[in-house]
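J.: Questions regarding the structure given below will be posed in turn.
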Amino acid sequence: MVAGSFTPSCKANLSRDAGGIIIGIESTAHTFSFGWVDGLGAPGQSKSAFVRPVEGGIHPREAADHHSQAASRLLSDLLAEEVFDISDVVAISFSQGPGLGPCLRVGASVARALSIKLDVPLIGVNHCVAHIEVGRERCNCDDPVLLYVSGGNTQIIARLDGRYRVLGETLDIGIGNMLDKFARTQGIPFPGGPRVEELALKWLEKNPKPSLDGLELPYAVQGMDLAFSGILNAALNLIEKGKPLEAVCWSLQEHAFAACVEVAERAMAHSGKTELLLGGGVACNSRIREMCDLMAESRGATSHVPEKSLCIDNGSMIATLGRLQLLWGEPTKITDSAIRQDLRTDETDIVWN
Ligand code: ATP
Ligand code: FE2
């Protein structure tokens, strides 16, 4: 049986209490990753390789070359661990979009090849929705407001009428891209976010009660939307004026994260939802986690975030959503498996609730 002629009997191989491994392939941008979940949805450890440009941003073609070179080694590494047998695999899921075209095409090609070779269904998933669902499953959230903060995306999302609706988002660059760009100007290689966090913590160690005097930056909130270019330029101006890098990193985090948390709080107030869920690579940051905890606590709500390995791009989150789509929806025919560079969060029907 090829994936394109999937029949419902396959679904019986995978139930919420039966075995069966779903492999997930992530390849939207700088990460190529194989991950997996078991039949109960428990995610395994992903095997990932990252593009780390020596200078400048990610070049889509070079990243795609990196991914195609890494793919077979990563799959071999995963299988060599012998945590499952290849014959236990019941489906292959992959990031269908959004992302960089050349990178997405590598993941989609590998997924199609594996699906045909193993004779199991293919499932194309929405990368942004995968960030949400892996958090929801891991943190046992029911109906949260989502603060999705990654390199390319910054969105405040809530479920309404069978879709994840974007209530607010960045009007220019993603918050992670902003941190990476700032870091790059200071000679810090990609990804810059973790190093900015370290430097901000150093400033706090030296100044346990820091002041924003002389370190003010523009506020990134515009209605329910956000914008980070202005804050980036203003932070660079502070560096030019001779402010210490550690101080500027601290101020940058305070301003940018507060803006995100403010919009998330407004979304909670308007929607009446009482759970907040953080996702995306920037959700690894301890300060934004702390701000979310404080905001949720102040309104009698709860704040949740999955472990760091599931916040950054990884194959297991793709497998998590692949499993849900396989259980409650239909697999993707080969003829419908073309990548979708501009796929939006709110274009995917939530069939799994
Ligand atoms: P998407 O396609 O969802 O936008 P992405 O390609 O940006 O995903 P992710 O792995 O979700 O990939 O996020 C990577 C971003 O997360 C980078 O910008 C990186 O600097 C940022 N990041 C990672 N760890 C931290 C941290 N501790 N603090 C701040 N930013 C971080
Ligand atoms: Fe991502």
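The values are calculated or read from the model by the stated rules, or taken from the named source; none is laboratory data. If you're wondering where the values come from, they're calculated on a predicted model, not measured in any experiment. When we count neighbours, we look across all protein chains shown, and the Cβ atoms used for this are built from the backbone with ideal geometry, even at glycine. The area values use the complete protein model at the heavy-atom level, side chains included, leaving out ligands, DNA and RNA. Shrake-Rupley method; radii C 1.70, N 1.55, O 1.52, S 1.80 Å.
J.: Per residue, how large is the accessible surface of the chain? Use a 1.4 angstrom probe and give square angstrom.
T.: 42
J.: Right, next: For the Cα atoms of the chain, what angle does the longest principal axis make with the long axis of helix 229-240, in degrees from 0 to 90, nearest 10?
T.: 50
J.: Can you return the lysines within cross-link range of residue 333? Criterion is Cα-Cα under 19 Å, with same-chain partners fewer than 8 residues away left out.
T.: Cross-link targets: 11, 117.
J.: Let me ask you something else. For a Förster distance of 41 Å, can you work out the FRET efficiency between the beta-carbons of residue 212 and residue 338, rounded to the nearest 0.05?
T.: Calculated transfer efficiency: 0.25.
J.: So for the stretch 143-306: antiparallel DSSP bridges make up what percent, rounded to the nearest 5?
T.: Looking only at bridges with both residues in the stretch 143-306, the antiparallel portion is about 60 percent.
J.: Another question, then. Over the chain, what is the percentage of antiparallel beta bridges among all DSSP beta bridges, to the nearest 5?
T.: 55
J.: Still on this structure: Count charges around residue 297 for me, please; just the other residues with Cβ under 12 Å from its Cβ, Lys/Arg as +1, Asp/Glu as -1.
T.: So the surrounding residues net to -2.
J.: Okay, next question. Short version: ³J(HN,Hα) in whole Hz for each residue of the stretch 83-91, in order, from phi by Karplus 6.51 cos²θ - 1.76 cosθ + 1.60 (θ = phi - 60°), x for Gly and Pro, what are they?
T.: Per-residue couplings from phi come out as 7, 8, 9, 4, 6, 7, 6, 10, 6 Hz.
J.: Among the listed pairs 47/273; 202/308; 202/273, which are separated by more than 26 Å between their Cα atoms?
T.: Flagged as over cut-off: 47/273; 202/273.
J.: Here is a further query. Quick one: if you stick a label point 7 Å off each Cα along the C-beta vector at residue 83 and residue 184, how many nm between them?
T.: 3.3
J.: What does the stretch 143-306 give for Rg and for Dmax, in Å, if only its C-alpha atoms count?
T.: Calculated on Cα positions, Rg and Dmax stand at 15.4, 51 Å.
J.: Name the residue, out of 228, 34, 50, whose mean-square fluctuation peaks in a Gaussian network model built on the chain with Cα pairs under 10 Å.
T.: Of the options given, 50 has the highest mean-square fluctuation.
J.: Report, to the nearest whole %, how much of the accessible area of the chain belongs to carbon and sulfur atoms, 1.4 Å probe, protein only.
T.: Carbon-and-sulfur percentage of accessible area, whole number: 50.
J.: May I pose another question? Got a sec to turn the phi values of the stretch 68-73 into Karplus ³J(HN,Hα) couplings, 6.51 cos²θ - 1.76 cosθ + 1.60 with θ = phi - 60°, whole Hz, x for Gly and Pro?
T.: Once rounded to whole Hz, the list reads 5, 6, 7, 4, 5, 4.
J.: Relative to the longest principal axis of the chain, what angle (0 to 90°, nearest 10) does the C-alpha long axis of helix 286-298 take?
T.: Here the helix axis deviates by roughly 90 degrees.
J.: Taking N as the number of residues in the chain, what is its alpha-carbon radius of gyration divided by 2.2 N^0.38 Å?
T.: Output field value: 1.00.
J.: Note the angle between two axes, namely the Cα long axis of helix 101-118 and the longest principal axis of the Cα atoms of the chain, as a number of degrees from 0 to 90, rounded to the nearest 10.
T.: Roughly 30 degrees, rounded to the nearest 10.
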